[in-house]
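Just below is one structure, and these are the notes that go with it.
The values are calculated or read from the model by the stated rules, or taken from the named source; none is laboratory data. Just so you know, these numbers come straight off a predicted model, no measurement behind them. In this analysis, Cβ positions are derived from the backbone assuming ideal geometry, glycine residues included, and neighbour counts consider all displayed protein chains. All accessible areas refer to the heavy atoms of the entire protein, side chains included, with ligands and DNA or RNA removed. Shrake-Rupley method; radii C 1.70, N 1.55, O 1.52, S 1.80 Å.
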Amino acid sequence: MNFDSFKWIRQPKSFSVQDGIVFIETLPHTDLWQRTYYHFRNDNAPLFQTDTEEKFFSFTVKTDFSRAHHRFDQCGIVVYLDSENWLKASVEYENESFSHLGSVVTNGGYSDWATTEIGKDITSMWFRLSRREDDYRIECSCDGVNFSQMRICHMAKGAGKISFGIYACSPEDSSFVAEFSHFSLSECKWLPHDGQKPDTI
């Protein structure tokens with residue numbers, strides 16, 4: 001991908017782009033979350049994004065989080081529209097036994113969090129974001145070939161022009177270097193539904 005069109009929303013502690021690989025060093029106490037359960041609002045994670053008005057596409061990237069070492073250290077993909085409307089998918093370090101593979105969708109200032117545990121021996125993950133107008137699908141893969149669906153979601157403000165890309169953050173008193181590679185932007189891999197027809201008014 002051509003990173004000339006990418007821009008930072010809040011820069012990290014440090015970063016570099018080398019031969020198509022992006023390295024992000026996180027700052028402590030950086031995160032994205034809105035209200036739900038915890039009743040706090042965090043909106044200071046660094047985001048490296050580009051804009052598009054394309055209604056049908058897939059964005060794929062490989063993440064390496066082998067240097068994550070503290071609870072909630074995380075990195076992944078993001079669609080950030082504004083502080084109260086965004087989605088992200090990532091791996092979060094939990095402890096020496098396991099990490100969390102998860103996704104968060106935030107509509108109108110309230111976040112949800114869907115997770116599953118993965119073994120600590122998994123230190124890299126591919127993510128694929130697909131867009132069909134204002135609906136989105138997030139997938140993951142350990143090998144970049146066989147992808148599994150993590151979730152399908154709707155973004156209330158996700159039609160028209162959007163911004164998407166990558167992020168990394170450390171919500172607690174930590175810092176680590178996340179690595180992103182194998183960036184790809186392609187035609188939409190999320191095919192139209194071939195079952196029940198849409199409702200008509």
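Some notes on this structure:
- Residues of the range 177-201 that are in a loop (DSSP other than H, G, I, E, B) and aromatic (Phe, Trp, Tyr): TRP190 alone.
- Of all the criteria given as (1) free of Cβ contacts under 8 Å to residues at least 60 places away in the same chain; (2) open to solvent by less than 20 Å² (accessible area, probe 1.4 Å); (3) touching a Leu at 6+ places or on another chain (Cβ under 9 Å), the one not satisfied by THR115 is (2).
- Candidates LEU47, LEU87 - the one that is of a type outside the set (Gly, Ala, Ser), farther than 19 Å from HIS154 by Cβ, in contact (Cβ under 8 Å) with a residue 12 or more places away in the chain and touching a Phe, Trp or Tyr at 6+ places or on another chain (Cβ under 7 Å): LEU47
- Residue satisfying all of: in the range 47-102; among the basic types (Lys, Arg) and either more than 13 Å from the chain's Cα centre (by Cα) or open to solvent by 10 Å² or more (accessible area, probe 1.4 Å) (or both); nearest to LYS13 (Cα to Cα) among these: ARG67
- Of everything listed in (1) open to solvent by less than 50 Å² (accessible area, probe 1.4 Å); (2) within 24 Å of TRP33 (Cβ to Cβ); (3) in contact with a Cys (Cβ under 9 Å, 6 or more places away or on another chain), the single unmet condition for SER124 is (2).
- When SER174 is tested against (1) part of a strand (DSSP E or B); (2) crowded, with 17+ Cβ neighbours inside 10 Å, just one condition goes unmet, and that condition is (1).
- Looking across the range 85-114, the residues that are of a type outside the set (Phe, Trp, Tyr) and either part of a loop (DSSP other than H, G, I, E, B) or modelled with pLDDT under 95 (or both) come down to GLU94, ASN95, GLU96, SER97, GLY108, GLY109, ASP112.
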